[in-house]
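The block underneath contains the structure these notes are about, expressed in structure tokens.
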Amino acid sequence: MDELKNDIAVTMGRVDGDVVEVSLETDMPAATLAINDTEPDTINYASIDDFAKIEMKIGQILSAEPVEGSDKLLKLSVDFGESTPRQVLSGIAKFVTVEQLVGQKFPFVTNLKPRKMMGMESQAMILAVNDDVNFSLLNPTADIKVGSPLR
């Protein structure tokens, strides 16, 4: 039976500040070793083709009202420049008032599959951002025409 040598030569060097490059020389069977001294890559990348499937447009909120039986949902009527306004249900009632919404323009995702909530259909999704402290709806900084696509 052949005897394996246990001699291993290790060469280490810093590459990008976060990545350690390791090369091994051994008489043992071939192996690949990668070491990264940061958190594993957890980004779920979308391709440009995936992104191109998402339709986002500017919509103007025509009316807003609380949804009966929910402390989170508001029912919005939104003009996207189409023949009729769309109904949008959004869980933003704890963060904004009806008065802050009506007449304002916001970006929406407009090609999501319609979703039923509290027995009503939502036909788009308003875009918002929040962290541990703050909540904000996203607003265009100019008077953009309703129905204009986000690019």
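The values are calculated or read from the model by the stated rules, or taken from the named source; none is laboratory data. Because the structure is predicted, anything quoted here is derived from the model rather than measured. Glycine also receives a Cβ, built like all others from the backbone with ideal geometry; neighbour counts cover every protein chain displayed.
Taken as a whole, the range 114-124 holds at least one residue that is on the phi > 0 side of the Ramachandran plot and free of Cβ contacts under 8 Å to residues at least 24 places away in the same chain.
Does at least one position in the range 63-73 carry a residue that is among the polar types (S, T, N, Q), out of contact with any helix residue (DSSP H, G or I) (no Cβ under 9 Å at 6 or more places or on another chain) and under 26 Å from Ala52 (Cα atoms)? No, the conditions are met nowhere in the range 63-73. The set of residues from the range 55-89 being of a type in the set (S, T, N, Q) and touching a residue at least 60 places away in the same chain (Cβ under 8 Å) comprises just one member, Gln60.
One line per residue, one yes/no per condition, for (1) surrounded by 20 or more Cβ atoms within 10 Å (Cβ to Cβ); (2) touching a Phe, Trp or Tyr at 6+ places or on another chain (Cβ under 9 Å); (3) over 16 Å from Lys145 (Cα atoms):
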site: Ser63; (1), (2), (3): no, no, yes
site: Val78; (1), (2), (3): yes, yes, no
site: Glu82; (1), (2), (3): no, no, no
site: Lys94; (1), (2), (3): no, yes, yes
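Let me confirm something: among Ile61, Ile92, Ile43, which residue is part of a loop (DSSP other than H, G, I, E, B), closer than 30 Å to Asn139 by Cα and either modelled with pLDDT of 95 or more or touching a Gly at 6+ places or on another chain (Cβ under 9 Å) (or both)? Break it down into steps so the answer makes sense when it comes.
On the way: Ile61 fails: part of a loop (DSSP other than H, G, I, E, B); Ile43 fails: either modelled with pLDDT of 95 or more or touching a Gly at 6+ places or on another chain (Cβ under 9 Å) (or both).
Result: Ile92 is the single residue among Ile61, Ile92, Ile43 that is part of a loop (DSSP other than H, G, I, E, B), closer than 30 Å to Asn139 by Cα and either modelled with pLDDT of 95 or more or touching a Gly at 6+ places or on another chain (Cβ under 9 Å) (or both).
Check whether at least one residue in the range 108-122 is within 22 Å of Lys57 (Cβ to Cβ), within 16 Å of the chain's Cα centre (by Cα) and among the aliphatic types (A, V, I, L, M), and report yes or no. Yes, the range 108-122 contains a residue that is within 22 Å of Lys57 (Cβ to Cβ), within 16 Å of the chain's Cα centre (by Cα) and among the aliphatic types (A, V, I, L, M).
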